[in-house]
1. Are any of the residues in the range 65-78 polar (S, T, N, Q) and touching a Lys or Arg at 6+ places or on another chain (Cβ under 9 Å)?
2. Would you pick out the residues in the range 40-62 that are of a type in the set (A, V, I, L, M, F, W, C) and surrounded by fewer than 23 Cβ atoms within 10 Å (Cβ to Cβ)?
3. So residue 133 clears everything in (1) surrounded by 13 or more Cβ atoms within 10 Å (Cβ to Cβ); (2) touching a residue at least 60 places away in the same chain (Cβ under 8 Å); (3) of a type in the set (Gly, Ala, Ser) except one condition, right? Which one?
4. Restricting to the range 112-145, name every residue that is modelled with pLDDT of 95 or more, in a loop (DSSP other than H, G, I, E, B) and touching a Pro at 6+ places or on another chain (Cβ under 9 Å).
5. Restrict the check to the range 67-81 and report whether at least one residue is assigned to a strand (DSSP E or B), in contact with a helix residue (DSSP H, G or I) (Cβ under 6 Å, 6 or more places away or on another chain) and either surrounded by fewer than 20 Cβ atoms within 10 Å (Cβ to Cβ) or modelled with pLDDT of 95 or more (or both).
6. State which residue pairs qualify: first residue surrounded by 13 or more Cβ atoms within 10 Å (Cβ to Cβ) and inside the range 107-122, second residue of a type in the set (D, E, K, R) in any location, beta carbons under 8 Å apart, and separation of 6 or more residues or different chains.
7. Could you please let me know if residue 8 is part of a loop (DSSP other than H, G, I, E, B), of a type outside the set (D, E, K, R) and within 15 Å of the chain's Cα centre (by Cα)?
Amino acid sequence: MASLFSRIIRGELPGRFVWRDERAVAFLTIEPIRPGHTLVVPIEEVDHWLDAAPGLNAHLFEVAQNIGAALQQAFDPVKVGLMIAGLEVPHLHLHLVPITELRDLDFAQAERNPSEAALDEAARKIRAALRAAGHGFVPDETDAP
(Lines give C-alpha, C1' and ligand atoms only; values in the text may rest on other atoms or scores of the structure.)
Protein backbone atom coordinates (compact mmCIF):
# COMPACT_ATOMS: atom_id res chain seq x y z
CA MET A 1 0.00 0.00 0.00
CA ALA A 2 1.28 3.45 -0.94
CA SER A 3 2.31 5.74 1.89
CA LEU A 4 0.48 8.98 2.56
CA PHE A 5 3.48 10.83 1.12
CA SER A 6 3.47 8.74 -2.07
CA ARG A 7 -0.17 9.68 -2.54
CA ILE A 8 0.71 13.37 -2.10
CA ILE A 9 3.64 13.03 -4.52
CA ARG A 10 1.37 11.43 -7.15
CA GLY A 11 -1.25 14.16 -6.72
CA GLU A 12 -3.90 11.91 -5.19
CA LEU A 13 -3.88 14.17 -2.12
CA PRO A 14 -3.15 17.91 -2.10
CA GLY A 15 0.25 19.30 -1.19
CA ARG A 16 1.96 22.69 -1.21
CA PHE A 17 5.08 21.79 -3.16
CA VAL A 18 8.11 24.04 -3.12
CA TRP A 19 10.57 21.63 -4.82
CA ARG A 20 10.32 18.74 -7.26
CA ASP A 21 13.16 16.96 -9.04
CA GLU A 22 13.65 13.43 -10.33
CA ARG A 23 14.46 11.98 -6.88
CA ALA A 24 12.85 14.20 -4.26
CA VAL A 25 10.11 16.65 -3.45
CA ALA A 26 9.58 19.20 -0.72
CA PHE A 27 6.22 20.36 0.53
CA LEU A 28 4.80 22.11 3.55
CA THR A 29 3.47 20.02 6.39
CA ILE A 30 -0.19 20.52 7.22
CA GLU A 31 0.69 20.68 10.94
CA PRO A 32 3.61 23.10 11.12
CA ILE A 33 5.62 23.55 14.28
CA ARG A 34 6.62 27.00 12.97
CA PRO A 35 5.66 28.90 9.81
CA GLY A 36 7.63 27.51 6.87
CA HIS A 37 7.95 23.96 8.31
CA THR A 38 8.83 21.97 5.20
CA LEU A 39 9.29 18.25 4.54
CA VAL A 40 11.92 16.91 2.13
CA VAL A 41 10.76 13.50 0.89
CA PRO A 42 12.25 11.00 -1.56
CA ILE A 43 9.97 9.94 -4.39
CA GLU A 44 11.10 6.36 -3.77
CA GLU A 45 9.29 4.81 -0.82
CA VAL A 46 11.89 4.16 1.85
CA ASP A 47 10.72 3.89 5.46
CA HIS A 48 13.90 4.47 7.47
CA TRP A 49 16.78 6.75 6.58
CA LEU A 50 19.17 3.93 7.51
CA ASP A 51 17.69 1.87 4.64
CA ALA A 52 18.14 4.55 1.97
CA ALA A 53 21.01 4.26 -0.46
CA PRO A 54 23.87 6.60 0.46
CA GLY A 55 23.37 8.52 -2.79
CA LEU A 56 19.70 9.10 -1.99
CA ASN A 57 20.50 10.36 1.51
CA ALA A 58 23.13 12.68 0.03
CA HIS A 59 20.61 14.02 -2.47
CA LEU A 60 17.98 14.59 0.22
CA PHE A 61 20.48 16.54 2.31
CA GLU A 62 21.50 18.59 -0.73
CA VAL A 63 17.85 19.48 -1.34
CA ALA A 64 17.41 20.18 2.38
CA GLN A 65 20.36 22.56 2.28
CA ASN A 66 18.80 24.46 -0.63
CA ILE A 67 15.39 24.58 1.08
CA GLY A 68 17.05 25.54 4.39
CA ALA A 69 18.78 28.50 2.74
CA ALA A 70 15.41 29.59 1.31
CA LEU A 71 13.79 29.27 4.75
CA GLN A 72 16.59 31.38 6.24
CA GLN A 73 15.99 34.03 3.58
CA ALA A 74 12.18 33.94 3.73
CA PHE A 75 11.63 33.77 7.51
CA ASP A 76 14.87 35.19 9.01
CA PRO A 77 15.11 32.67 11.88
CA VAL A 78 18.13 32.29 14.15
CA LYS A 79 18.69 28.87 12.52
CA VAL A 80 16.89 26.31 10.41
CA GLY A 81 16.49 23.09 12.37
CA LEU A 82 16.61 19.71 10.66
CA MET A 83 15.08 16.54 12.10
CA ILE A 84 14.51 13.00 10.94
CA ALA A 85 11.87 11.53 13.22
CA GLY A 86 10.06 9.12 10.95
CA LEU A 87 7.36 7.92 13.33
CA GLU A 88 4.46 9.89 11.85
CA VAL A 89 4.50 8.44 8.30
CA PRO A 90 6.39 5.29 7.21
CA HIS A 91 8.15 7.15 4.39
CA LEU A 92 11.53 8.81 4.95
CA HIS A 93 11.24 12.58 5.36
CA LEU A 94 13.38 15.40 6.68
CA HIS A 95 11.72 18.15 8.71
CA LEU A 96 13.10 21.64 8.10
CA VAL A 97 11.89 24.18 10.63
CA PRO A 98 12.81 27.87 11.00
CA ILE A 99 13.70 28.21 14.69
CA THR A 100 14.64 30.84 17.23
CA GLU A 101 15.11 28.46 20.16
CA LEU A 102 15.36 24.72 20.78
CA ARG A 103 11.75 24.38 21.91
CA ASP A 104 10.71 25.41 18.38
CA LEU A 105 11.45 21.79 17.42
CA ASP A 106 8.83 20.35 19.78
CA PHE A 107 6.11 18.50 17.87
CA ALA A 108 3.73 19.16 20.77
CA GLN A 109 3.69 22.78 19.58
CA ALA A 110 2.49 21.89 16.08
CA GLU A 111 -0.44 23.93 14.85
CA ARG A 112 -3.22 21.40 14.24
CA ASN A 113 -5.45 23.67 12.15
CA PRO A 114 -3.35 26.33 10.44
CA SER A 115 -5.11 28.71 8.09
CA GLU A 116 -4.98 27.87 4.40
CA ALA A 117 -3.89 31.44 3.73
CA ALA A 118 -0.93 31.14 6.12
CA LEU A 119 0.22 27.89 4.49
CA ASP A 120 -0.16 29.37 1.01
CA GLU A 121 1.81 32.47 2.02
CA ALA A 122 4.61 30.38 3.53
CA ALA A 123 4.83 28.29 0.35
CA ARG A 124 4.87 31.44 -1.79
CA LYS A 125 7.73 32.92 0.27
CA ILE A 126 9.79 29.72 0.05
CA ARG A 127 9.26 29.38 -3.72
CA ALA A 128 10.24 33.02 -4.22
CA ALA A 129 13.44 32.58 -2.19
CA LEU A 130 14.34 29.41 -4.11
CA ARG A 131 13.74 31.13 -7.46
CA ALA A 132 15.78 34.15 -6.36
CA ALA A 133 18.64 31.76 -5.58
CA GLY A 134 18.41 30.41 -9.15
CA HIS A 135 16.96 26.97 -8.47
CA GLY A 136 15.12 25.38 -11.38
CA PHE A 137 13.20 22.70 -9.49
CA VAL A 138 10.59 25.07 -8.06
CA PRO A 139 7.04 24.24 -9.19
CA ASP A 140 4.46 26.92 -9.84
CA GLU A 141 1.60 27.23 -7.36
CA THR A 142 -0.74 25.76 -9.97
CA ASP A 143 1.51 22.86 -11.06
CA ALA A 144 -0.07 19.49 -10.47
CA PRO A 145 2.28 16.65 -9.56
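The values are calculated or read from the model by the stated rules, or taken from the named source; none is laboratory data. Quantities reported herein were computed from a predicted structural model and do not represent experimental measurements. All Cβ positions, glycine included, derive from the backbone under ideal geometry; neighbour counts span all protein chains shown.
1. There is at least one residue in the range 65-78 that is polar (S, T, N, Q) and touching a Lys or Arg at 6+ places or on another chain (Cβ under 9 Å).
2. Within the range 40-62, 43, 46, 49, 50, 52, 53, 56, 58, 61 qualify.
3. Among (1) surrounded by 13 or more Cβ atoms within 10 Å (Cβ to Cβ); (2) touching a residue at least 60 places away in the same chain (Cβ under 8 Å); (3) of a type in the set (Gly, Ala, Ser), the lone unmet condition for residue 133 is (1).
4. Passing the criteria: only 114.
5. First, pick out the residues of the range 67-81 that are assigned to a strand (DSSP E or B): 79-81.
Checking which are in contact with a helix residue (DSSP H, G or I) (Cβ under 6 Å, 6 or more places away or on another chain) leaves us with 80-81.
From what is left, the residues that are either surrounded by fewer than 20 Cβ atoms within 10 Å (Cβ to Cβ) or modelled with pLDDT of 95 or more (or both) are 80-81.
Checked against the condition, which is being assigned to a strand (DSSP E or B), in contact with a helix residue (DSSP H, G or I) (Cβ under 6 Å, 6 or more places away or on another chain) and either surrounded by fewer than 20 Cβ atoms within 10 Å (Cβ to Cβ) or modelled with pLDDT of 95 or more (or both), the range 67-81 yields at least one hit.
6. If the second residue must be of a type in the set (D, E, K, R), the pairs left are 110/31; 111/31; 114/31; 119/16; 120/16; 120/141; 122/16.
7. Details: part of a loop (DSSP other than H, G, I, E, B): no; of a type outside the set (D, E, K, R): yes; within 15 Å of the chain's Cα centre (by Cα): yes.
Judged against the criteria, residue 8 is not a match.
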